[in-house]
């Protein structure tokens, strides 16, 4: 009986016209060109880690250079916009200069006024990945996975 219904629906002109279309719209990804070391960095935060830490540092912030894949990681007790700005000033800008662009996810620290002001003052463009789509900041996400594997071994 099921096959009979399928045959009828497939031959019915009215059914064919009213049937919902199964079309998928594809979006062409926008590639961000890479021109120089530390010209574009991916920035992300991970935590709260279940690692025994006498220092209480259960979060870490990391920056991954898009060109060389070089990584800067720092463990933190808490992660606020002020902590992110301090990390950028002491670990990234001081050692590697000012990047042209910083790519982040939508963590609460990144849209904060203090973070945005730091980027504006240093003429750095900020690109946020789509909400609920961490793959858009894949370089940082992949590095976080690697760091999380290494941490329990230390």
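Quick note: the coordinates plus some simple rules give every number you see, no bench work behind them. Since we're looking at a predicted model, the values are computed, not measured. A quick note on method: Cβ atoms are made from the backbone with ideal geometry, for glycine too, and the neighbour counts reach across all protein chains shown.
Counting only DSSP beta bridges with both residues in the stretch 40-153, what percent are antiparallel, rounded to the nearest 5?
If we restrict to bridges inside the stretch 40-153, about 65 percent are antiparallel.
How high is the relative contact order of the stretch 40-153, in percent, with contacts defined as C-alpha pairs under 8 Å that are six or more residues apart?
27
Once fully extended, how much extra length lies between residue 28 and residue 91, figured as 0.36 nm per residue of separation less the alpha-carbon to alpha-carbon distance?
Here the answer is 19.2 nm.
List the residues of the stretch 72-87 whose backbone N lies under 18 Å from a point placed 7 Å from the Cα of residue 54 along the Cα-to-Cβ direction.
Once the point is set 7 Å along Cα→Cβ of residue 54, 75-77 turn out to lie under 18 Å by backbone N, inside the stretch 72-87.
If I model a spin label at residue 108 and residue 136 as a point 7 Å from the Cα along the Cα→Cβ vector, what separation in nanometres do I get?
The modelled label-to-label distance comes out at 2.1 nm.
State the Cα centre-to-centre distance between the stretch 120-149 and the stretch 60-100 in whole Å.
So the two Cα centres are separated by 12 Å.
On full extension of the chain, what length is gained from residue 2 through residue 147, given 0.36 nm per residue of separation minus the C-alpha to C-alpha distance?
On the way: separation 145, 0.36 × 145 = 52.20 nm, distance 5.36 nm.
Extra length from residue 2 to residue 147 when fully extended: 46.8 nm.
Output the peptides 124-132, 30-38 sorted from most to least packed, where packing is the average of other Cβ atoms within 10 Å over each peptide's residues.
Working: 124-132: 13.4, 30-38: 11.9.
Sorting 124-132, 30-38 by mean packing, highest first, produces 124-132, 30-38.
Can you sort 94, 119 from fewest to most other Cβ atoms within 10 Å of each residue's own Cβ?
By the 10 Å Cβ count, ascending: 94, 119.
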